[in-house]
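Peer 1: I'd like to ask some things about the structure below.
The values are calculated or read from the model by the stated rules, or taken from the named source; none is laboratory data. These figures come from a predicted structure and were not determined experimentally. Every residue, glycine among them, receives a Cβ derived from its backbone with ideal geometry; neighbour counts consider all protein chains shown.
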Amino acid sequence: MAAELWPNDDLTRLANHYRSDKGTETYCAHGYTRIYQALLEPFRHCPLRIAEIGLLHGRSQAEGADAIAHLGCPSLRMWADYLPNSSIHGFDIVDFSRFASERVRIACGDQGNRRELSRLVDLAEGAFDLIIDDGSHASHHQQITLGALFPALADGGLYIIEDLHFQPAELEMNGVTKTREFLAGLSRRGSGHRLALEQVEYNYLVTHIDSIRFFDSISPRWPITETADAFAVIRKRGLHPSFDGGGSVQAGSGS
């Protein structure tokens with residue numbers, strides 16, 4: 001379905017149409033599309049290179065293979081429609097390669113494994129303009145992925161981590177600092193955290209991150225006291241040929 005068929009708040013409409021929980025209707029309905037649209041609308045017809053880790057919302061993963069076959073990759077379909085001139089790259093521990101297309105490439109692997117994450121970088125054949133981590137949400141997985149993929153982000157590019165308010169207890173690694181706490185400290189140049197990053201990765205982040213901004217989930221299915229700062233936008237230092245000087249989003253809950 002062509003992106004032009006979705007006027008005004010088209011990204012939310014697309015998310016709801018494809019049943020992505022980035023929108024306002026499906027599963028947790030986080031409403032993250034309001035943030036993505038504010039960031040990307042001025043550049044939606046630019047030839048961007050996008051990567052997303054985690055290709056289904058949690059409920060569908062739990063429902064098994066039938067749900068996967070039925071829904072496909074909701075967010076990748078959303079991005080392909082919204083960004084008609086961009087290449088979209090997906091990564092998941094489940095094999096979704098059957099949903100690849102001319103502009104959508106998919107790699108299979110574990111985001112907790114740096115070597116397997118390199119498959120995503122190899123697939124792209126160039127630096128990413130936008131990387132989205134909507135994977136397992138485990139803190140150590142988020143940190144390993146950030147450390148492994150941030151060097152593959154273009155100068156001035158955006159790295160986004162979703163659902164920082166929710167780390168599944170069964171997946172969390174004992175003693176590892178929550179990613180939201182780590183990023184908040186990093187934005188203030190703080191330290192003292194126990195992380196899943198290698199020292200060289202940590203050093204790279206400290207010297208290459210330009211800014212970190214947080215936004216709230218507006219999910220009606222979570223207590224409002226738990227959804228603050230659920231979404232992090234990390235900008236890499238340097239000038240980006242498309243993003244520089246464009247897009248306007250203010251920190252906070254948004255509307």
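Peer 1: Say whether the condition of being of a type in the set (S, T, N, Q), touching a Ser or Thr at 6+ places or on another chain (Cβ under 7 Å) and either surrounded by 12 or more Cβ atoms within 10 Å (Cβ to Cβ) or modelled with pLDDT of 80 or more (or both) is met by at least one residue in the stretch 208-222.
Peer 2: Checking the stretch 208-222: at least one residue is of a type in the set (S, T, N, Q), touching a Ser or Thr at 6+ places or on another chain (Cβ under 7 Å) and either surrounded by 12 or more Cβ atoms within 10 Å (Cβ to Cβ) or modelled with pLDDT of 80 or more (or both).
Peer 1: Quick test for you: out of Ala152, Ala196, pick the one residue that is surrounded by 15 or more Cβ atoms within 10 Å (Cβ to Cβ), closer than 23 Å to Lys22 by Cβ and among the aliphatic types (A, V, I, L, M).
Peer 2: Result of the check over Ala152, Ala196: Ala152.
Peer 1: Within the stretch 55-100, how many residues turn out to be more than 18 Å from Glu25 (Cα to Cα), of a type in the set (A, V, I, L, M) and either touching a strand residue (DSSP E or B) at 6+ places or on another chain (Cβ under 8 Å) or modelled with pLDDT of 90 or more (or both)?
Peer 2: Residues meeting the conditions: 6.
Peer 1: Take Glu201 and tell me if it is of a type in the set (Asp, Glu), in contact (Cβ under 8 Å) with a residue 12 or more places away in the chain, loosely packed, with under 13 Cβ neighbours inside 10 Å and on the phi < 0 side of the Ramachandran plot.
Peer 2: no
Peer 1: Please enumerate the residues belonging to the stretch 179-200 that are at pLDDT 90 or above and either farther than 14 Å from His141 by Cβ or touching a Leu at 6+ places or on another chain (Cβ under 8 Å) (or both).
Peer 2: Thr179, Arg180, Glu181, Phe182, Leu183, Ala184, Leu197, Glu198, Gln199, Val200
Peer 1: Which numbered condition in (1) touching a Ser or Thr at 6+ places or on another chain (Cβ under 9 Å); (2) among the small types (Gly, Ala, Ser); (3) at negative phi; (4) at pLDDT 95 or above is the only one that Gly156 fails?
Peer 2: (3)
Peer 1: Return the only residue of Glu125, Glu52, Glu116 being of a type in the set (D, E, K, R) and at pLDDT below 95.
Peer 2: After applying the criteria, what remains is Glu125.
Peer 1: Under 7 Å between Cβ atoms, at least 6 apart or on separate chains: pull out the pairs that start in the stretch 228-239 with a residue that is in a loop (DSSP other than H, G, I, E, B) and end on any residue that is surrounded by fewer than 19 Cβ atoms within 10 Å (Cβ to Cβ) and among the hydroxyl-bearing types (Ser, Thr, Tyr).
Peer 2: Pairs found: none.
Peer 1: Looking at the stretch 3-15, is at least one residue surrounded by fewer than 18 Cβ atoms within 10 Å (Cβ to Cβ), modelled with pLDDT of 85 or more and within 18 Å of the chain's Cα centre (by Cα)?
Peer 2: no
Peer 1: Continuing with this model, one more query. Would you mind stating whether Ala196 is without any contact (Cβ under 8 Å) to a residue 24 or more places away in the chain and over 28 Å from Arg34 (Cα atoms)?
Peer 2: It is false that Ala196 is without any contact (Cβ under 8 Å) to a residue 24 or more places away in the chain and over 28 Å from Arg34 (Cα atoms).
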